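Okay, so here's the structure we're looking at.
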Amino acid sequence: MKKVNPIDAKFCRFLKAKNPFGTLEGGDNDWYVLEDSNTIYWCVKSNGAGGPDNGPVDPRLCISGRRCYKQRD
Amino acid sequence: MDTKKIKLPYGIPGHNLGEIERDIPVTEPPAWPINEKLKVVGKPVKRYDALAKVTGKAKFTADMQLSGMLYAKFFRSNTPKAKIKSINTNKAKDFPGVYAVEVMKSDEGELPEVKFVGQPLAAVAASSLAIAEEAAKLIEVEYDYEDFVVDVEEAQRSEAPIVHAVAISAQTDGGDVGVTHDGSQTNGNIVGPSTGSFFGGPRGSLDEGFKEADIIVERVYRTQVHTHVPLETHGVVVDWKPGNMTVYASTQSTAGVRNEMAEYFGISKSEVRVISEFTGGGFGAKHSAGVFGPMAAKLSKATGRPVWLMLDRKEEHMAEGYRPNSIHYLKIGAKKNGNLTAIQQRSHGTAGIALGAGVGRIAQVLYECPNFSTEQYDVYTNAGPGAAWRAPGNAQGAFGFEQAIDEIAEKLGMDPVSYRDIIDKSEIRKVERQQGAEKFGWSRRKAAGSDSGAIKKGFGMAQSTWPRFVTLDSTAEVRLMQGGAVEIRSSVQDMGTGTKTILGQVVAEELGIPVDYVTVLIGDTYFPAGPASGGSVATGSITPPARNAAYKAKLELLEQVAKKLKSDPANLTIEDAKIFDKTDGSKAISFKDALQGMRTSQIITNASRSDDYGGFKQEWGLAYGDLGSVQFAEVTVDTETGFVKVDKIVAAHSCGRPLNIAHVKSQINGGVIQGLSFALYEYRVMDKQTGFMMNANVDQYKLPYSMEIPEIESIVIEDYSGTSSTDAYGIGEPANIATAVAIANAVYNAIGVRIYEIPITPDKVLKALNKI
């Protein structure tokens, strides 16, 4: 995955990530997704790697349109 | 921003040290010389909290005791995959001493599906931990059981149960979700591949590269699931009073926990205060509020009391992260002159129900190679989620890659160190190889398997790289107070690495005072925002602001003192806690007297991390250069029993300007010990029939004990790059990457047979030797 613009990507506001290089992403923080093969994702709302809809937490899926999606402010 | 030109040390002392001229912000201090000319920085200053820790006075989150505090315990699933028909908490609620029971539910009231053994489903708050534990056992769940898979290879089969068998539907008003991930339209549990990286990624043509190659090495390497095992488990104490939630957290990121708690409950960040005075290790897994944070807060809100919710070791193993495993295919081509012509990488690994099981960037960037491709796949399994683990992916990736490089060297008839001299363009690793080989006695190494007798000696080495990253949202505040107190404040936390002490050293050096004059107040989100402690970013992020804030405070103080001494402030300096006029030594005052005479009771200054002098590779904080390391391992292998004993590790490292040589060496020791444990001991055992982790303890989950820890000699090489006012970087990640593969290479040198899977347990050695 390439560096993404979170507005264009329409990531859910509750999608969070820690990239392997220590940066926390999501929420108020910018998204970089520098190396998605080692980036850990979680949902703040469900407190884990499964979303509130029980689907996987994945930046390819935690975007506008998903049932549990919440827009960033 | 106004700038000024200064000259800074640049290069490696004793090798190529020079100077570089940089434009820096006018508000920042002049360059420090190299460490040997400094009084406090670089020296082995004793940890601020050493006495408190060794005497037990240090209060970790688990030690918190607040008035009226309740103790909470999770109720967790005992099946790896099921839908929940119902949860009955009545008996638990009625148990004497229980104050509240909370069930995990979505905002819409939906119960979660169970996807791994140990998944938290509810929690009980009671007057004691024992009561909470007893009451939690009374919670009754009616499951609709489903098929599951915990093995990474079985999970890849087409008939394997789908871990996330949930159709993700679009909202009724439309939307952008174009993928339905129910397993049927994708590759089952396989996600990916990830084919690129910001730091490397695909390039050239593999076909062309392999055509050019004179030799090719093609292997599959396997690494195991490796849990974190910090001394202090995950957990929090939450005290939620109206308008103010206080969270005592064992965390690597006070700000991260604060932000998540605010987001979860939809409250202002200013209503949440996160405090982490001491954290007993994290190793990458303690960045979030977790499930325990919001749960403890809900229980606190429900009861009006503080709630303690720390996990036990079993919960820690099952549910709070681990280093994912890897099945790592590598095909590498090289010419007779050693130059690499092509690298093909493909990996599969599992982070359980989560993502992030790649093997990192080592193969992509360690050596120049014009033709490269990578495919890194995640494989979902019904196990708890993985987490970042000290250099995520890199230790796994290095285990394969640096063995393959050794194999190429052997095929070319070259010594492994000499071969890396040819293919490695890094100047710092060149120096590390030279000094490391000399200290280690690399010349003792003989041909693989040539030692006679049953007990064989072996010598191996390996290398690694780690990027220099900084978090720009890093601020420090310095206070000078009448009465003589000097404080530095930041929300950055110290998870045991020594952050408190290096901040004290930096401020003391800048102010020309002893380090014990400085009080370090960190780990509290009421202080200015500090970085997370992860990715080896904290030191490079927060120490420049600390120095710069101290410099500003010093200028203000000297301005005031100059009026009293009738001096030009520019002529004043501070040395050994004495302020004096460089042009007239009779004009002098002690530092403490100067503070006593300030016109206000406090001077308060702050500074945030400025951009690197000379700029970044990327504007968001990727610095130029890298953190290289080279490690050497000496092992003894008993070919009758298969036991491997690591006798010695020499670890040569760089972290820019080392701020506290004792702390750096301590970090290297820790990284090496964890690397050794990765190589020889630790591995998670999952029961395929039940989905349980069978060794979720510290008895059968083998960690090294003292007699299994070798002599560790570290070489810390100063490497100045003139990038900030401290020019310092972290060492946490680099210390851990190369150890396991250096040991694997040494085992090969001992027995003459390569072992492609860790941990290298006796059975693997005997199998490799065809003895079982």
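Below is a table of values for the structure above.
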| read-out | value |
| --- | --- |
| Residue tally, condition over 30 Å from the mean Cα position of the chain (by Cα) and more than 15 Å from residue B:723 (Cα to Cα), over segment B:2-14 | 2 |
| Test for residue B:638: is it modelled with pLDDT of 95 or more, among the acidic types (Asp, Glu) and out of contact with any strand residue (DSSP E or B) (no Cβ under 6 Å at 6 or more places or on another chain) | no |
| Test: residue in segment B:534-547 that is part of a helix (DSSP H, G or I) and surrounded by fewer than 23 Cβ atoms within 10 Å (Cβ to Cβ) | no |
| Residues (within 10 Å of chain A (Cβ to nearest Cβ), in a helix (DSSP H, G or I) and closer than 30 Å to residue B:314 by Cβ) located in segment B:364-396 | B:394, B:396 |
| Within segment B:262-288, considering residues that are of a type in the set (Gly, Ala, Ser) and assigned to a helix (DSSP H, G or I), the one nearest to the chain's Cα centre (by Cα) | B:262 |
| Top-ranked residue in segment B:327-363 [being outside any loop (DSSP other than H, G, I, E, B) and of a type in the set (Gly, Ala, Ser); ranked as nearest to the other protein chains (Cβ to nearest Cβ)] | B:354 |
| Lone unmet requirement of (1) buried (at least 20 other Cβ atoms within 10 Å of the Cβ); (2) modelled with pLDDT of 95 or more; (3) of a type outside the set (Lys, Arg) for residue B:516 | (1) |
| Within segment B:719-759, tally of residues that are touching a helix residue (DSSP H, G or I) at 6+ places or on another chain (Cβ under 6 Å) and surrounded by fewer than 24 Cβ atoms within 10 Å (Cβ to Cβ) | 4 |
| Only listed residue being at pLDDT 95 or above, surrounded by fewer than 15 Cβ atoms within 10 Å (Cβ to Cβ) and outside the structural domain of residue B:719 (by TED's automatic domain parsing), chosen from B:52, B:58, B:92 | B:52 |
| Selection count, segment B:568-590, where residues are in contact with an Asp or Glu (Cβ under 8 Å, 6 or more places away or on another chain), under 12 Å from residue B:557 (Cα atoms) and not in a helix (DSSP H, G or I) | 1 |
| Of all residues making up segment B:448-472, the number that are touching a residue at least 40 places away in the same chain (Cβ under 8 Å) and more than 27 Å from residue B:653 (Cα to Cα) | 6 |
| Restricting segment B:266-306 to residues that are of a type in the set (S, T, N, Q) and in contact with a helix residue (DSSP H, G or I) (Cβ under 9 Å, 6 or more places away or on another chain), the residue that is farthest from residue B:54 (Cα to Cα) | B:268 |
| Filter pass, residue B:508 being part of a loop (DSSP other than H, G, I, E, B) and of a type outside the set (Ser, Thr, Tyr) | no |
| Residues of segment A:20-73 that turn out to be in a strand (DSSP E or B), of a type outside the set (Val, Ile, Thr) and facing chain B (nearest Cβ under 7 Å), as a count | 7 |
| Subset of segment B:37-63 (residues that are basic (Lys, Arg) and either outside any loop (DSSP other than H, G, I, E, B) or within 20 Å of residue B:233 (Cβ to Cβ) (or both)) | B:37, B:53, B:59 |
| Residue in segment B:498-506 that is closer than 30 Å to residue B:279 by Cβ, within 14 Å of chain A (Cβ to nearest Cβ) and either crowded, with 20+ Cβ neighbours inside 10 Å or at pLDDT below 95 (or both) present | yes |
| Residue ID - nearest to residue B:420 (Cα to Cα), chosen from residues in segment B:437-492 that are in a loop (DSSP other than H, G, I, E, B) and within 14 Å of chain A (Cβ to nearest Cβ) | B:470 |
| Those strands (runs of 3 or more DSSP E) lying entirely in segment B:147-257 with at least 2 residues modelled with pLDDT of 95 or more | B:215-223, B:235-241, B:244-249 |
| Flag if residue B:271 is acidic (Asp, Glu), surrounded by 24 or more Cβ atoms within 10 Å (Cβ to Cβ) and outside the structural domain of residue B:704 (by TED's automatic domain parsing) | no |
| Given (1) in contact (Cβ under 8 Å) with a residue 40 or more places away in the chain; (2) more than 14 Å from every other protein chain (Cβ to nearest Cβ), number of the condition residue B:627 does not satisfy | (2) |
| Hits in segment B:23-52 (condition: closer than 19 Å to residue B:608 by Cα and among the charged types (D, E, K, R)) | B:23, B:28 |
| Given (1) more than 17 Å from residue B:546 (Cβ to Cβ); (2) not in a loop (DSSP other than H, G, I, E, B), index of the condition residue B:495 fails | (2) |
| Residue satisfying condition, being of a type in the set (Lys, Arg) and surrounded by 22 or more Cβ atoms within 10 Å (Cβ to Cβ), within set A:10, A:16 | A:16 |
| Residue check for residue B:386: surrounded by 23 or more Cβ atoms within 10 Å (Cβ to Cβ), small (Gly, Ala, Ser), within 27 Å of residue B:187 (Cα to Cα) and out of contact with any strand residue (DSSP E or B) (no Cβ under 8 Å at 6 or more places or on another chain) | no |
| Criterion: at pLDDT 95 or above and within 24 Å of residue B:659 (Cβ to Cβ) - qualifying residue of B:629, B:567, B:601, B:590 | B:629 |
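The values are calculated or read from the model by the stated rules, or taken from the named source; none is laboratory data. Note that this is a predicted model, so its numbers are computed, not measured. Reconstructed Cβ throughout: ideal geometry from the backbone, glycine too, with neighbour counts over all protein chains shown.
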